[in-house]
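Structure first, then comments.
The values are calculated or read from the model by the stated rules, or taken from the named source; none is laboratory data. As the structure is a computational prediction, the values presented were derived from the model and not from experiment. Cβ sites come from the backbone with ideal geometry, for glycine too, and all protein chains shown count toward neighbours.
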Amino acid sequence: MDHTNAISLTDLSVDNHGTILAFNIGTVEATRLVSLGFTPGAEVSMTQNYGRGPLIVTVRGASVALGRGEAAKIFIERSAK
Amino acid sequence: MSDCHSMSVPTQPVTLRVRERMPLLVLAGQPNVGKSTLFNFLTGLNQHVGNWPGKTVERREGNFSFNGNEYGIVDLPGTYSLTANSPEEVITREFILRARPDLVIAVVNAANLERSLYLVAELISLSAPLAVILNMMDVAKGEGIHIEPEVLEAALGVPVIPMTATHASRMQNFYQAVQDILEGRRVSTPRLPEIRADHGAILEEILHHIQGYVPTPYPENWVALKLLEGDTEITRTMQSNLPAEKWEAVYTLLRQHDDALLAIASGRYEWIGRMVRAAVVHPRLGQISLTKQLDRWAVHPFWGLVILAGILGLVFWLTFTVGTPVQGWLDAQIVGGLTGVANQLLAAAPFWIRSLIVDGVIGGVGSVVTFLPIMIIFFGVFGLLEDMGYMARAAFVMDNFMHMMGLHGKSFLPLFLGFGCNVPSILGTRVIDSKPARFLTILIAPLVPCTARMAVVAFLAPVFFGSKALLVSWGLILLSMVALVLSGALLNKLIFKGQRSAFIMEMPLYHVPNSRTIGLLIWQRSLSFLKKAGTTILAMAMVIWALSMLPNGDLNQSYLVQFGKWVEPIGRWMGLDWRLTVALITSFPAKENAVATLGVLFGSSPDAALAQTLASTFSTASALSFLVVTMLFIPCMATVAVIRQETNSWGWTLLNIALLLVISIAAGAGVYHLALAIGL
């Protein structure tokens, strides 16, 4: 990854925003993710993240639940607050 | 592994029940856009529910008329995209390409326009006549979103029909629009999305290679896109259609551009962005929506579980205050009444005919059918929670727990339904989108103790354990749960190699449930169960009856009892004599038969006298073992029938029966010897 400030989506805390950089995930999961609005460049905001268990993010105006394992494979750049 | 390998492109001709020469409309859309509600409004009871050929995906079709014209309509399964990741996606695109409908109606959620236009971006490239229904305009308004349908229509280049699916009065608008489109008064000049600029050249190159080799009915452009997206079905099709050197060239290109999926998706979202910017007048306000407010509680790691427990408690309460009494009443009135009538009518008939009707048909099928009220409660609650958007929240809060079995949250509610009856439970597994997870859920679902098994425990536990009956009952439920989690975890390791499907799930907006949608769901599920009772279950009941009657009509000398005596050595491991073993075997047609069988074998009716005899005949250890085995024994025949239907395989069904047999025998033997060891 050439982005120095890339973090995993799991590291984004509630109410913070970020921009998707890439995901390192199988084609089947990637297809599901893009059809739910996750593409590089799309903005995400964290709705629920308690540090364990699944989390909920908002992307393109819709809420999506992600397992922690899946979220860990999505890399984002934190937006300036 | 993915589902794709078990999937084949359905080449058999489409079997439409709607009459020929009737215009054919299809509804397509993502889940949670109100597509099925619209379909139910259009067709009412004038619909047929079946399965797509060779798939366990519901196929709904029907017809409706307007202005004297009749229309056939097919409700395609809800899908987020058209890439071959699930049977739903393959069915949708194959049907549109092969059945050539007169109009594809894409239903989008106005409250979530950006996301739900993604499927439209795919549909518009299939070159089938397309119209867009802008549904849930009321929900959008509530969220502070205002959309101008005419502007969206101009931007998309296809007709756009605004709608609020829950208001029948506004259907006029829809009918008129459909008629205008079909009669050519509203024309389309669709604007197609384009691949992100940096991948334009590679798309052209692929297109150049495949030109002339694409089989009908696929459009060449679309195939090129699907190849770049990594679609397994299309890749396989083209590999077998292209000459080797052409395939080699295409394959090399695809290998070099394995990120093309993102370029294509980005292109689609750019296209969507243009539409949304044009048509959405007031962007989302900063207000906190109802969904956000409710979700503060509903998906909270602690309160979410409390709310879920409350809802489940309510379902149990409903089952025991309404379902169980109605079931008992039906059993006494209908089954009891029919038995009386049949006995009178057939008084002169040969003994075996009377027994066939009374014990085989009425006793066997009748007692299964009396569980319908309990099933209806569970079908209804499941439908209600699904329709209002709560189901996704329940799945979310249970996700951690389900991980222990390599499953995720979506498997929880189907399993929970099993407490009412295992039949709705197995049917409910359709919400699970990955096939391995769905099969694993089906395999362990019969371990959830249903009301029929609890009825046996409720009768026998006080007989054997007196004041400790409640404690024993709770212990039995706990044991079932432990068996469920352990076998889930073990099966996941052994058969499914520890793989776990990704948990990626939309959290839909909450909305007011639609009584028509839920009513139709209950009606269709009940009807389907009754059909099963009249066919598969009837056949199985006959076989069991014949085994209990042959060779001379005396149960004590029947093949069934002979079989019971023959397998008694296995029963001995668990401390069961041949009578308890036979009682277990006869619980196959319906679990509560176990008590009735003991009654027959001891020559008395299931009442106080039987209770006394049983208590004095069997040791505490044997009694405990019998209850444990009853809880975990092979699924009843109604459950077996739906397992066969849902897995579409006798292999899986037999594996399931064998699994439960092994678990129950092991648990029974374990409990028996443990009880002996501690001196019970």
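Would you tally the residues in the range B:511-549 being assigned to a loop (DSSP other than H, G, I, E, B) and surrounded by 20 or more Cβ atoms within 10 Å (Cβ to Cβ)?
Of the residues in the range B:511-549, the ones assigned to a loop (DSSP other than H, G, I, E, B) are B:511-514, B:535.
Subset that is surrounded by 20 or more Cβ atoms within 10 Å (Cβ to Cβ): B:511, B:514.
The total comes to 2.
Can you report the number of residues in the range A:60-81 which are of a type outside the set (Asp, Glu) and more than 8 Å from every other protein chain (Cβ to nearest Cβ)? Let's see the steps before the verdict.
Initial filter on the range A:60-81 (of a type outside the set (Asp, Glu)): A:60-69, A:71-76, A:78-81.
Next, from what is left, pick out any that are more than 8 Å from every other protein chain (Cβ to nearest Cβ): A:68, A:71-76, A:78-81.
Of the residues in the range A:60-81, 11 are of a type outside the set (Asp, Glu) and more than 8 Å from every other protein chain (Cβ to nearest Cβ).
What number of residues within the range B:477-528 satisfy the criterion of being touching a strand residue (DSSP E or B) at 6+ places or on another chain (Cβ under 9 Å) and at positive phi?
The total comes to 0.
Would you point out the residue of the range B:523-576, among those that are among the polar types (S, T, N, Q) and within 21 Å of B:Ser367 (Cβ to Cβ), that is modelled with the lowest pLDDT?
Taking the range B:523-576 as the starting set, the residues that turn out to be among the polar types (S, T, N, Q) are B:524, B:526, B:528, B:535-536, B:548, B:552, B:556-558, B:562.
Narrowing the set further to residues that are within 21 Å of B:Ser367 (Cβ to Cβ) leaves B:526, B:528, B:535-536, B:548, B:558.
Numbers: B:Ser526: 87, B:Ser528: 81, B:Thr535: 78, B:Thr536: 72, B:Ser548: 81, B:Ser558: 86.
The selected residue is B:Thr536.
Looking only at the range B:76-123, filter to residues that are closer than 29 Å to B:Val280 by Cα and among the hydroxyl-bearing types (Ser, Thr, Tyr); which one of those is farthest from the other protein chains (Cβ to nearest Cβ)?
Restricting to residues being closer than 29 Å to B:Val280 by Cα and among the hydroxyl-bearing types (Ser, Thr, Tyr), the top hit is B:Thr92.
Restrict the check to the range B:321-330 and report whether at least one residue is within 30 Å of B:Trp222 (Cβ to Cβ) and surrounded by 14 or more Cβ atoms within 10 Å (Cβ to Cβ). Even if it seems obvious, please write down each step before you answer.
Filtering the range B:321-330 down to residues within 30 Å of B:Trp222 (Cβ to Cβ) leaves none.
There is no residue in the range B:321-330 that is within 30 Å of B:Trp222 (Cβ to Cβ) and surrounded by 14 or more Cβ atoms within 10 Å (Cβ to Cβ).
Which number in (1) surrounded by 24 or more Cβ atoms within 10 Å (Cβ to Cβ); (2) more than 20 Å from B:Asn32 (Cα to Cα) marks the one condition that B:Met398 misses?
Going through (1) surrounded by 24 or more Cβ atoms within 10 Å (Cβ to Cβ); (2) more than 20 Å from B:Asn32 (Cα to Cα) one by one, B:Met398 breaks only (1).
Scanning for something within 26 Å of the chain's Cα centre (by Cα), at pLDDT below 85, part of a helix (DSSP H, G or I) and aliphatic (A, V, I, L, M), does the range B:350-358 turn up at least one residue?
Taking the range B:350-358 and keeping what is within 26 Å of the chain's Cα centre (by Cα), we get none.
Checked the range B:350-358: no residue is within 26 Å of the chain's Cα centre (by Cα), at pLDDT below 85, part of a helix (DSSP H, G or I) and aliphatic (A, V, I, L, M).
Please pick out the residue among A:Glu70, A:Glu77 that is in contact with a Gly (Cβ under 8 Å, 6 or more places away or on another chain), of a type outside the set (A, V, I, L, M) and not in a loop (DSSP other than H, G, I, E, B).
Working: A:Glu70 fails: in contact with a Gly (Cβ under 8 Å, 6 or more places away or on another chain).
Just one listed residue meets the conditions, A:Glu77.
Exactly one condition in (1) more than 30 Å from B:Tyr175 (Cβ to Cβ); (2) touching an Asp or Glu at 6+ places or on another chain (Cβ under 9 Å); (3) not aliphatic (A, V, I, L, M) is not met by B:Trp271; state its number.
(1)
Just for the range B:50-81: of the residues that are at pLDDT below 90 and hydrophobic (A, V, I, L, M, F, W, C), which one is farthest from the chain's Cα centre (by Cα)?
Residue satisfying both the conditions and the ranking: B:Phe66.
Among the listed residues B:Arg170, B:Arg185, B:Arg191, identify the single one that is within 32 Å of the chain's Cα centre (by Cα) and surrounded by fewer than 16 Cβ atoms within 10 Å (Cβ to Cβ). Working first, answer last.
Values: B:Arg185 fails: within 32 Å of the chain's Cα centre (by Cα); B:Arg191 fails: within 32 Å of the chain's Cα centre (by Cα).
From the options B:Arg170, B:Arg185, B:Arg191, the qualifying one is B:Arg170.
Filter the range B:227-238 down to the residues that are assigned to a helix (DSSP H, G or I) and at the interface with chain A (Cβ under 10 Å from one of its Cβ atoms), then identify the one that is surrounded by the most Cβ atoms within 10 Å (Cβ to Cβ).
B:Glu229
Just checking, which of A:Ile56, A:Ile25 is more than 20 Å from B:Val397 (Cβ to Cβ), within 11 Å of chain B (Cβ to nearest Cβ) and either outside any loop (DSSP other than H, G, I, E, B) or not aromatic (Phe, Trp, Tyr) (or both)? Outline the logic, then answer.
Details: A:Ile56 fails: more than 20 Å from B:Val397 (Cβ to Cβ).
When all the criteria are applied, what remains is A:Ile25.
Of everything in the range A:13-22, what is more than 13 Å from chain B (Cβ to nearest Cβ) and touching a helix residue (DSSP H, G or I) at 6+ places or on another chain (Cβ under 9 Å)? Give them in sequence order.
Scanning the range A:13-22 gives a single hit, A:Gly18.
Checking the condition of a type in the set (A, V, I, L, M, F, W, C) and free of Cβ contacts under 8 Å to residues at least 40 places away in the same chain, which residue from B:Ile504, B:Ile495 passes?
Details: B:Ile495 fails: free of Cβ contacts under 8 Å to residues at least 40 places away in the same chain.
On inspection, the qualifying residue turns out to be B:Ile504.
B:Gly273 fails exactly one of the following numbered conditions: (1) touching a residue at least 12 places away in the same chain (Cβ under 8 Å); (2) part of a helix (DSSP H, G or I); (3) away from chain A (no Cβ under 12 Å). What is the number of that condition?
(3)
Pairs needed: first member in the range A:39-68, touching a residue at least 40 places away in the same chain (Cβ under 8 Å); second member anywhere, assigned to a loop (DSSP other than H, G, I, E, B) and surrounded by fewer than 21 Cβ atoms within 10 Å (Cβ to Cβ); C-beta distance under 8 Å; at least 6 residues apart or different chains.
Going by the 8 Å Cβ cut-off, the qualifying pairs are A:Arg68/A:Arg52; A:Arg68/A:Gly53.
Kindly indicate whether any position in the range B:319-335 is farther than 24 Å from B:Gly420 by Cα and either of a type in the set (Ser, Thr, Tyr) or free of Cβ contacts under 8 Å to residues at least 24 places away in the same chain (or both). It would help to see each step written out before you state the result.
So the first thing to find is which residues in the range B:319-335 are farther than 24 Å from B:Gly420 by Cα, and the list is none.
Among the residues of the range B:319-335, not one is farther than 24 Å from B:Gly420 by Cα and either of a type in the set (Ser, Thr, Tyr) or free of Cβ contacts under 8 Å to residues at least 24 places away in the same chain (or both), which makes the answer no.
Can you pull out the residues in the range A:28-53 that are facing chain B (nearest Cβ under 7 Å), out of contact with any helix residue (DSSP H, G or I) (no Cβ under 9 Å at 6 or more places or on another chain) and among the acidic types (Asp, Glu)?
Within the range A:28-53, none qualify.
Please verify whether B:Ala342 is small (Gly, Ala, Ser), outside any helix (DSSP H, G or I) and more than 14 Å from chain A (Cβ to nearest Cβ), treating the condition exactly as stated. Spell out how you get there, then give the answer.
Values: small (Gly, Ala, Ser): yes; outside any helix (DSSP H, G or I): no; more than 14 Å from chain A (Cβ to nearest Cβ): yes.
So B:Ala342 does not fit the description; no.
Determine which single condition B:Met22 fails, assuming it passes every other condition in (1) within 14 Å of chain A (Cβ to nearest Cβ); (2) over 30 Å from B:Val214 (Cβ atoms); (3) surrounded by fewer than 21 Cβ atoms within 10 Å (Cβ to Cβ); (4) modelled with pLDDT under 90.
(1)
Taking only pairs six or more apart or across chains, which ones have beta-carbon atoms under 6 Å, a first residue in the range B:205-226 that is farther than 14 Å from B:Pro243 by Cα, and a second residue that is polar (S, T, N, Q) and outside any loop (DSSP other than H, G, I, E, B)?
So the pair list comes out as B:Trp222/B:Ser125.
Restricting attention to the range B:239-258, which residues are within 14 Å of chain A (Cβ to nearest Cβ) and either exposed (fewer than 13 other Cβ atoms within 10 Å of the Cβ) or among the β-branched types (Val, Ile, Thr) (or both)? Steps first, answer last, please.
In the first step, residues of the range B:239-258 are kept if they are within 14 Å of chain A (Cβ to nearest Cβ); the result is B:254-255, B:257-258.
Selection gives B:Arg255, B:Asp258.
Starting from the range B:515-532, keep only residues that are of a type outside the set (Lys, Arg), then list their pairs with residues that are surrounded by fewer than 20 Cβ atoms within 10 Å (Cβ to Cβ) and modelled with pLDDT under 85 whose Cβ atoms are within a distance under 6 Å, requiring at least 6 positions of separation or different chains.
Sorted first by the residue in the range B:515-532, then by its partner, the pairs are B:Gln524/B:Val49.
What residue, among those in the range B:359-395 that are outside any helix (DSSP H, G or I) and not aliphatic (A, V, I, L, M), is surrounded by the most Cβ atoms within 10 Å (Cβ to Cβ)? Steps first, answer last, please.
Initially, the range B:359-395 is screened for residues outside any helix (DSSP H, G or I), giving B:370-371, B:388-390.
Then keep just the ones that are not aliphatic (A, V, I, L, M); that gives B:370-371, B:389-390.
Working: B:Thr370: 21, B:Phe371: 27, B:Gly389: 20, B:Tyr390: 20.
Restricting to residues being outside any helix (DSSP H, G or I) and not aliphatic (A, V, I, L, M), the top hit is B:Phe371.
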